[in-house]
Amino acid sequence: DVVESEEHYKSRWRSIWIMYLTMFLSSVGFSIVIMSVWPYLQKIDPTADGSFLGWIIASYSIGQMVSSPVFGLWSNYRPRREPLVVSTAISVAANCLYAYVHIPHSHNKYYMLTARALVGFGAGNVAVVRSYISGATSLKERTSAMANTSACQAVGFILGPVFQTCFTLIGEEGITWKLIDLQLNMYTAPVLFGALLGIVNIILIFAIFREHRVDDMGRQCKSVNSEGEESGVQDQDAEGDVDHVAVVAINFLFFVVLFVFAVFETIATPLTMDMYSWTRKEAVFYNGIILIVVGIESVSVFMVVKILAKKTGERAMLHGGLLIVLVGFFILLPWGKKLPNIQWQEIKNNSIPRTTYTEMVMPFWSWQLPANHTAEPVGCPIMQSWCLNTPMIYLAQYLSSDILIGLGYPVCHVMSYTLYSKILGPKPQGTYMGWLTASGSGARILGPVFVSQVYTHLGPRWAFSLICGVVVASLLLLEIVYKRLIAFSVRYGRMQE
């Protein structure tokens, strides 16, 4: 056995920290423009409508879903620096393209769609990041490292809109660099900042990142990705087959976790407008505050879960997280007798434009105030027939649900990745991590589609009942495969659980 040297230990953790940074920048690349996509789209191409906006938002997840298995497979056979640099370079180029989508004389919206899809394609390096961290940590280190990775991802999602807000000080016009036809304004500055961060990330990958691998006990091992720069013993514990039943189960559970969270994010604004007669501006403002608080709560949970998992184990933590999410959505079911305000009762002036079905299910960044600046109609739209017979969801229910989902989601997220990496064991995990990332991307695409259809046509009772049913099915699946969700080394008797 080769004992890990202090120099190897420091180099290994420096490389892991570079992976944390890569994960952070990947999530910033998604969220840094999310609040300004719609006004920028309207500015560069007036022919774009709300449905096209939906495709632009979804294109990021579609790109990531396609690229994750590709980059993961690449990282199994070649030095991980290659897919990391290439994927980050694609994101940098895509951000630069986004800054120039105003230049063409036509079809600008398709250039924006392409830019966002390529940013998502570059974000497929998440699979490479997760697979590297899995191979570069021992079983004792794994949960903590995965929690830190998820925390960096969450912080990126939180800080992205903050960066966007700071760049609004530049204004819509900003300044123009005529030599290269570059408009630096509140829409282009965030993506150019993201491109700059990507370039810094590439430099750090070349300067600091090194291939390292340890076995489940923490002993230094040779890596197939190292190109001879890594020393150590060959890992004899790689013999044996991966439990594919457990692999498929975790993929399904992870899909459900991200699916229900995507539903939670999507439903927040239309639900509060329907139930509490909030205006668009109020709904965006109040839910923005709530999501920031939930984000901070999630980051705190990521830190605490590292300690709790050592005492209870990852399977028990995943079980508890799913139960908390179930309670969170169960609380959202309408139980009272009071009905929400109906929108037509609030309209005093027939000239006020009525909010249409399409507007109600659009993402909040696509909504516009009425052009005539008269009072905005508020309440539950009469075209949603369930508004006439479904009790309202009280604000206390909604806030309690936010707190519980903000608590359960990060637990499930971290435990899914941790258990998955331990089940896969010492074999190259790139392709498997690619499929897990693709599962999450698919969930983020289908979640908003599901909730926009079921909620609008059938109401919150059906929408949240179906979500509860999906989570219950996940809990049953977890019970069935519970004993199989063990580390590769434990399964083959090389370590005790």
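The values are calculated or read from the model by the stated rules, or taken from the named source; none is laboratory data. Please read these numbers as outputs of a predicted model, since none were measured by experiment. Note that we place each Cβ from the backbone using ideal geometry, even for glycine, and neighbour counts take in every protein chain shown. Please note that ligands, DNA and RNA were not included when accessible areas were found on the heavy atoms of the full protein model with its side chains. Shrake-Rupley method; radii C 1.70, N 1.55, O 1.52, S 1.80 Å.
On the basis of being open to solvent by less than 60 Å² (accessible area, probe 1.4 Å), in a loop (DSSP other than H, G, I, E, B) and under 18 Å from Leu318 (Cα atoms), does Ile486 make the cut? Answer is yes for this residue. Each residue in region 309-334 was checked for being under 12 Å from Val257 (Cα atoms) and among the β-branched types (Val, Ile, Thr), and 2 of them qualify. Scoring Asn76 on the criteria (1) more than 28 Å from Gly218 (Cα to Cα); (2) in contact with a Pro (Cβ under 9 Å, 6 or more places away or on another chain); (3) open to solvent by 10 Å² or more (accessible area, probe 1.4 Å); (4) at pLDDT below 90 leaves a single failure, condition (1).
Have a look at Pro448, Pro460, Pro426 and point out the one that is more than 24 Å from Val256 (Cα to Cα) and assigned by the TED database to the domain that holds Gly313. Let's see the steps before the verdict.
On the way: Pro448 fails: more than 24 Å from Val256 (Cα to Cα); Pro460 fails: more than 24 Å from Val256 (Cα to Cα).
Checking each option against the conditions leaves just Pro426.
Are any residues in region 79-91 assigned to a helix (DSSP H, G or I) and surrounded by fewer than 21 Cβ atoms within 10 Å (Cβ to Cβ), and if so, which ones?
So in region 79-91, the residues assigned to a helix (DSSP H, G or I) come out as 81-91.
Those that are assigned to a helix (DSSP H, G or I) and surrounded by fewer than 21 Cβ atoms within 10 Å (Cβ to Cβ): Arg81, Glu82, Val85, Val86, Ala89.
Is there a residue in region 432-442 that is more than 19 Å from Pro83 (Cβ to Cβ), buried (at least 20 other Cβ atoms within 10 Å of the Cβ) and outside the structural domain of Gly124 (by the TED database)? Walk me through it before giving the result.
Within region 432-442, the first condition is being more than 19 Å from Pro83 (Cβ to Cβ), and the residues that meet it are 439, 442.
Filter again for buried (at least 20 other Cβ atoms within 10 Å of the Cβ), leaving 439.
Imposing the further condition that a residue be outside the structural domain of Gly124 (by the TED database) reduces the set to 439.
Yes - at least one qualifying residue is present in region 432-442.
Consider Val37 carefully, then state whether it is β-branched (Val, Ile, Thr), more than 17 Å from Arg210 (Cα to Cα) and open to solvent by less than 60 Å² (accessible area, probe 1.4 Å). Before you say what the answer is, go through the steps one by one.
Details: β-branched (Val, Ile, Thr): yes; more than 17 Å from Arg210 (Cα to Cα): yes; open to solvent by less than 60 Å² (accessible area, probe 1.4 Å): yes.
For Val37, the condition - β-branched (Val, Ile, Thr), more than 17 Å from Arg210 (Cα to Cα) and open to solvent by less than 60 Å² (accessible area, probe 1.4 Å) - is met.
Can you tell me which residue within region 267-316, out of those that are of a type in the set (S, T, N, Q) and open to solvent by less than 30 Å² (accessible area, probe 1.4 Å), is farthest from Pro340 (Cα to Cα)? Quick ask: steps written out before the conclusion?
Narrowing region 267-316 to residues of a type in the set (S, T, N, Q): 269, 272, 277, 279, 287, 298, 300, 312.
Then drop every residue that is not open to solvent by less than 30 Å² (accessible area, probe 1.4 Å), which leaves 269, 272, 277, 287, 298.
On the way: Thr269: 15, Thr272: 10, Ser277: 8, Asn287: 19, Ser298: 31 Å.
Here the residue is Ser298.
In region 40-73, which residue that is open to solvent by less than 50 Å² (accessible area, probe 1.4 Å) and aromatic (Phe, Trp, Tyr) is farthest from Lys109 (Cα to Cα)? Spell out how you get there, then give the answer.
At the first step, the residues of region 40-73 found to be open to solvent by less than 50 Å² (accessible area, probe 1.4 Å) are 40-41, 44-45, 48, 50, 52-54, 56-61, 63-64, 67-69, 71-72.
Going one step further and asking which of them are aromatic (Phe, Trp, Tyr), we end up with 40, 52, 60, 71.
On the way: Tyr40: 10, Phe52: 8, Tyr60: 15, Phe71: 28 Å.
The extreme case among them is Phe71.
Of all residues in region 158-169, those satisfying the criterion of being free of Cβ contacts under 8 Å to residues at least 40 places away in the same chain and farther than 18 Å from Trp38 by Cβ are Val162, Cys166, Leu169.
Output the number of residues of region 98-131 satisfying the condition of being assigned to a loop (DSSP other than H, G, I, E, B) and either free of Cβ contacts under 8 Å to residues at least 40 places away in the same chain or on the phi > 0 side of the Ramachandran plot (or both). Residues in region 98-131 being assigned to a loop (DSSP other than H, G, I, E, B) and either free of Cβ contacts under 8 Å to residues at least 40 places away in the same chain or on the phi > 0 side of the Ramachandran plot (or both): 4 in total. Consider region 98-148 and keep the residues that are of a type in the set (Val, Ile, Thr) and out of contact with any Lys or Arg (no Cβ under 7 Å at 6 or more places or on another chain). The one that is farthest from Pro410 (Cα to Cα) is Ile103.
Listed here are the residues, each with its yes/no results for (1) modelled with pLDDT under 80; (2) closer than 30 Å to Leu41 by Cα; (3) among the basic types (Lys, Arg).
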| site | (1), (2), (3) |
| --- | --- |
| Phe261 | no, yes, no |
| Val299 | no, no, no |
| Leu326 | no, no, no |
| Ser351 | yes, yes, no |
| Glu359 | yes, yes, no |
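Please work out if Gly406 is open to solvent by less than 10 Å² (accessible area, probe 1.4 Å) and within 27 Å of Gly54 (Cα to Cα). Yes, satisfied.
Quickly run through region 246-266 and pick out the residues that are surrounded by fewer than 20 Cβ atoms within 10 Å (Cβ to Cβ) and within 17 Å of the chain's Cα centre (by Cα).
If the condition is that a residue be surrounded by fewer than 20 Cβ atoms within 10 Å (Cβ to Cβ) and within 17 Å of the chain's Cα centre (by Cα), then Asn251, Phe252, Glu265 are the ones that fit.
The requirement of being assigned by the TED database to the domain that holds Asp216, at pLDDT below 85 and buried (at least 18 other Cβ atoms within 10 Å of the Cβ) is not satisfied by Ile133.
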